[in-house]
Each structure stands twice: as C-alpha cells, then as structure tokens.
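Heads up, the thing below is written out as structure tokens.
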Amino acid sequence: MSPFEKPVILDNDVISRLYPVGALRQVLEVWPKRTFCITEQVIDEARKWRTHGQELAALLEALEVDGTLVLVSIDDSSEEEIWTYAELQLKKNLGRGESASIAIACHRDFNVATDDGLARDVCKVMCPSISLLGTGDLLNMAVRDGLMTRSEVDSIQANIRRKSKS
C-alpha cells in the first residue's frame with residue numbers, strides 16, 4: 001500500500017540526486033506501481049545531462065513502460081493548466097520541468113517531489129494545498145513504512161552527500 005493518498009510528481013532535482021548514486025530504480029520500485037509521475041519536460045531535461053543523459057532517459061522510459069512511473073503532460077484542453085505553466089516559466093524563473101510539474105500538480109491535486117528551493121517557495125504560494133516532498137522525505141517514508149531499511153537509506157544519503165561534494 002502506498003503511503004501517498006495522491007500521485008507524486010517527480011521533479012528533475014530529485015532524480016538528479018538518486019540517479020548518480022545508482023538508487024533511482026531501487027527507491028521508486030519499493031512503492032506500488034503508478035505512485036510516481038514524471039513529465040516529458042523532466043525527461044527532456046534529464047536527456048540533456050552531459051554525462052549519462054541518454055542512459056538516464058532510457059531508464060526513465062523503461063520505468064514508465066513497466067508502470068513504475070506514469071508519464072503526464074500539460075493538458076492542452078485546460079486553459080488554467082497551460083496558463084499556470086506559462087506563468088511559472090515566464091514570471092517565476094522556473095525551468096520547463098519544474099513549471100510543468102507544479103502546473104500539473106496544482107490543477108490535478110498531485111503531490112510534488114522537489115528539492116529545488118525556488119520551486120518549493122513558488123509552489124507554496126501558488127498552490128498551498130499541495131504537499132511538498134524532498135528526496136530525504138521519500139527515503140525516510142520508505143523506512144517508516146518498512147519498504148527500505150535504515151541502513152539502505154543511510155547508505156544512499158551518504159552517497160548523495162559524497163556525490164554533491166565532488
């Protein structure tokens with residue numbers, strides 16, 4: 001059973017913390033399929049990484065094919081969703097991935113997983129009802145719910161810290 005009452009839309013910065021330490025698949029697969037969503041914009045951002053971008057995009061697409069991730073897009077029939085996306089990009093200085101993730105979450109009542117401080121601040125103001133999660137929150141929830149051990153999570157977090165210093 002998922003600890004989340006609503007789908008969680010992942011932003012690129014959460015992915016960029018887990019992938020380089022080899023933990024992205026491990027962390028996402030402990031929850032039931034279709035718990036996490038991702039936008040095409042986030043996949044495009046990942047694809048543009050100088051090192052391993054194509055490999056990461058292939059992994060994200062494989063996770064989508066097996067149902068671990070659900071691909072979501074801006075709803076072209078929703079003026080509100082389109083407007084929110086455009087406003088976030090133009091007025092709030094957010095990237096395409098953050099903008100799409102927040103716009104979709106605002107209008108579909110999803111949770112947002114992001115470690116980006118500006119994105120979190122903007123989301124709190126524009127959509128205060130949305131639950132914000134970070135990488136650490138996801139890892140700690142996995143321990144709390146018995147999906148991962150404390151030792152596994154501590155190892156992942158130590159690797160993330162080491163990677164961010166290099």
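The values are calculated or read from the model by the stated rules, or taken from the named source; none is laboratory data. Everything numeric in this text was worked out from a predicted model, so none of it was measured. No Cβ is skipped: glycine too gets one built from the backbone with ideal geometry, and neighbour counts run over all protein chains shown. Note: accessible area is taken over every heavy atom of the protein model, side chains too, but ligands, DNA and RNA are not part of it. Shrake-Rupley method; radii C 1.70, N 1.55, O 1.52, S 1.80 Å.
Laid out as a table, the results:
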quantity: The range 51-71 - residue that is in a helix (DSSP H, G or I) and touching a residue at least 40 places away in the same chain (Cβ under 8 Å) and, of those, farthest from Val27 (Cα to Cα); calculated: Leu56
quantity: Test for Ile74: is it more than 29 Å from Asp154 (Cβ to Cβ), of a type outside the set (D, E, K, R) and modelled with pLDDT of 90 or more; calculated: yes
quantity: Boolean, Gly136 is under 15 Å from the mean Cα position of the chain (by Cα) and either exposed (fewer than 12 other Cβ atoms within 10 Å of the Cβ) or farther than 21 Å from Cys37 by Cα (or both); calculated: no
quantity: Test result for Val112, open to solvent by less than 70 Å² (accessible area, probe 1.4 Å), within 24 Å of Asp145 (Cα to Cα), in a helix (DSSP H, G or I) and touching a residue at least 60 places away in the same chain (Cβ under 8 Å); calculated: no
quantity: Whichever residue in the range 73-109 is hydrophobic (A, V, I, L, M, F, W, C) and in a loop (DSSP other than H, G, I, E, B) and, among such residues, is nearest to Asp13 (Cα to Cα); calculated: Leu94
quantity: Qualifying positions in the range 128-162 - closer than 27 Å to Ala103 by Cβ and not in a helix (DSSP H, G or I); calculated: Pro128, Ser129, Ile130, Ser131, Leu132, Leu133, Gly134
